[in-house]
Amino acid sequence: FSVNIIIHSSDGSCLPIKDCLLLVPRNYDPSLHPFEVSREYTRALNATKLERVFAKPFLASLDGHRDGVNCMAKHTKSLSTLLSGSCDGEVKIWNLTKHDCVRTLQAHEGFVRGIVVRYCGTSFFTVGDDKTIKQWKMEAPGYGEAEEPLNTILGKTVFTGLDHHQKEAVFATCGQQVDIWDEQRSSPIRSFTWGVDSFSSVRFKPRGGEIPSTELLASCASDRSNCVIMTMRSNTLCLDPMEAYHFTCANEDYNLYTYDMRNLDRPFMVHMDHVSAVLDVDYSPTGREFVSASFDKTIRIFQKDGGHSREVYHTKRMQHVICVKWSADNKYILSGSDEMNIRLWKANAAEKLGVLAPREKQAINYNQKLKEKFQHHPQIRRITHHRHLPKNIYHQTKELRIMKEARKRKERNVRKHSRPGTVPVVSEKEKHVVTVVK
């Protein structure tokens, strides 16, 4: 036989035991839980340690190029498709889910300087050292068909950069000048010159942020200017996809500078940690972070409002990192380097990939909130920020810190022994800007 337990409620009805369990009250009065904070701190400390234990950012290496990878482009419609151009004029199309090259074509003679996918995803454009702009179909040619470009434009000078409009059949190139091209014409519809030797990078405004003006184009020039003349040359820049007025430029002085174009007198953030020239930068789709590639053989992830990197990626075999991209789903980072490899990394080093059970999601969110709550405690802050670096980068960082302290000490001594007001205090944000060209 079976025994059923019946509980009578205050209103006279009978409730099963499973419904009655939901009625057990819980008192959240802190005085009744005196050890709750210490328990949460221990959980936060354990969660921080486990995050560093499970931080395995490297996912795969895509090899197949016969020369250094010079440029990359994301597909505008497909998350799993990547295009890359190398220094020997070869362009490859990759399937990221299978880690496999699906198509190879000889696009140019010499370096492939730029590659970009059309906004509809049906074709892509390349520029190279052979002074040509070529448009190619995204689909591979059929059996027996030759690999021929859809359109070829012969320019007067070498092109060094390329970008396509997000909504219209218009693209921009840079070299000795910045040219705006219509896809149906063989000559530029408009050209911009700035009285400099050459431009190294050109960017259209991304689709995300809205600006009252109709169009926006940004470029970096070899005379250290992009309307802002800095102490050293900027290699490239990237516009924030969410905050339309913000952009970040990668500089030869080992730093990155984030500007608000409404106030170009000084950057609102200087991002420091690299120990060699920064060669490329790309924003995440959220606009809160960006990734940078450097000549010091490392990749660093920065918060847009943070002066130091939250993550640094490196391997023994990876050489100078030339180009870097952040995937459109905000989960992966792709880097192309001198030793002919493209590497796939996780944007969050300790993130678990694949389908998560509801309890796993709940535990991850709970641990994340605990880490945010106790992030300023010394022990947790030390574990969170500590990163193992290659020996040469560690010693270079130490040397740069000593040199910076020596310069500051010299400025203080000069100011101390000078007439008051003759040696003004110049902030770190202002000392790298020479002038702003109106």
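The values are calculated or read from the model by the stated rules, or taken from the named source; none is laboratory data. The structure displayed is predicted, hence computed values, not measured ones. Cβ placement follows ideal geometry from the backbone for every residue including glycine, while neighbour counts extend to all protein chains displayed. For accessibility, only protein heavy atoms count, side chains too; no ligands or nucleic acids. Shrake-Rupley method; radii C 1.70, N 1.55, O 1.52, S 1.80 Å.
The condition of being at pLDDT below 85 and surrounded by 16 or more Cβ atoms within 10 Å (Cβ to Cβ) holds for only one of K134, K205, that being K205. The set of residues in the stretch 52-70 being among the acidic types (D, E), open to solvent by less than 70 Å² (accessible area, probe 1.4 Å) and within 12 Å of D100 (Cα to Cα) is empty. Restricting to the stretch 151-165, name every residue that is surrounded by fewer than 13 Cβ atoms within 10 Å (Cβ to Cβ) and assigned to a loop (DSSP other than H, G, I, E, B). Answer for the stretch 151-165, where residues must be surrounded by fewer than 13 Cβ atoms within 10 Å (Cβ to Cβ) and assigned to a loop (DSSP other than H, G, I, E, B): K156, T157. Scanning the stretch 97-112 for residues that are in a loop (DSSP other than H, G, I, E, B) and open to solvent by 40 Å² or more (accessible area, probe 1.4 Å) yields a total of 5.
Any residue that is open to solvent by less than 40 Å² (accessible area, probe 1.4 Å), in contact with a strand residue (DSSP E or B) (Cβ under 9 Å, 6 or more places away or on another chain) and closer than 27 Å to D197 by Cα - is there at least one of those in the stretch 261-268?
Going residue by residue through the stretch 261-268, those that are open to solvent by less than 40 Å² (accessible area, probe 1.4 Å) are 264, 267.
Filter again for in contact with a strand residue (DSSP E or B) (Cβ under 9 Å, 6 or more places away or on another chain), leaving 264, 267.
Next, only the ones that are closer than 27 Å to D197 by Cα stay: 264, 267.
There is at least one residue in the stretch 261-268 that is open to solvent by less than 40 Å² (accessible area, probe 1.4 Å), in contact with a strand residue (DSSP E or B) (Cβ under 9 Å, 6 or more places away or on another chain) and closer than 27 Å to D197 by Cα.
For the stretch 79-95, filtered to residues that are in contact with a Gly (Cβ under 7 Å, 6 or more places away or on another chain) and open to solvent by 10 Å² or more (accessible area, probe 1.4 Å), the residue that is farthest from V116 (Cα to Cα) is C87. For E289, the criteria (1) of a type outside the set (V, I, T); (2) under 10 Å from the mean Cα position of the chain (by Cα); (3) open to solvent by less than 10 Å² (accessible area, probe 1.4 Å) hold in every case but one, which is (3).
Out of all the residues in the stretch 340-358, which are of a type in the set (V, I, T) and in a loop (DSSP other than H, G, I, E, B)? V355 - this is the single residue of the stretch 340-358 that is of a type in the set (V, I, T) and in a loop (DSSP other than H, G, I, E, B).
Can you say whether K77 is within 21 Å of Q166 (Cβ to Cβ) and in a loop (DSSP other than H, G, I, E, B), as far as the supplied structure shows? Against the criterion (within 21 Å of Q166 (Cβ to Cβ) and in a loop (DSSP other than H, G, I, E, B)), K77 qualifies. Taking every residue in the stretch 313-337 that is closer than 19 Å to K56 by Cβ and pairing it with any residue that is of a type in the set (S, T, Y) and surrounded by 22 or more Cβ atoms within 10 Å (Cβ to Cβ), at least 6 positions away or on another chain, the pairs with Cβ-Cβ distances below 6 Å are H314/T298; M318/S337.
Residues that are part of a loop (DSSP other than H, G, I, E, B), open to solvent by 20 Å² or more (accessible area, probe 1.4 Å) and in contact with a Ser or Thr (Cβ under 8 Å, 6 or more places away or on another chain) within the stretch 306-324 comprise H314, Q319, H320, listed in sequence order.
If the requirement is being surrounded by fewer than 16 Cβ atoms within 10 Å (Cβ to Cβ) and either over 19 Å from D282 (Cβ atoms) or within 27 Å of the chain's Cα centre (by Cα) (or both), which of these qualifies: L334, L353, L344?
Only one candidate qualifies: L353.
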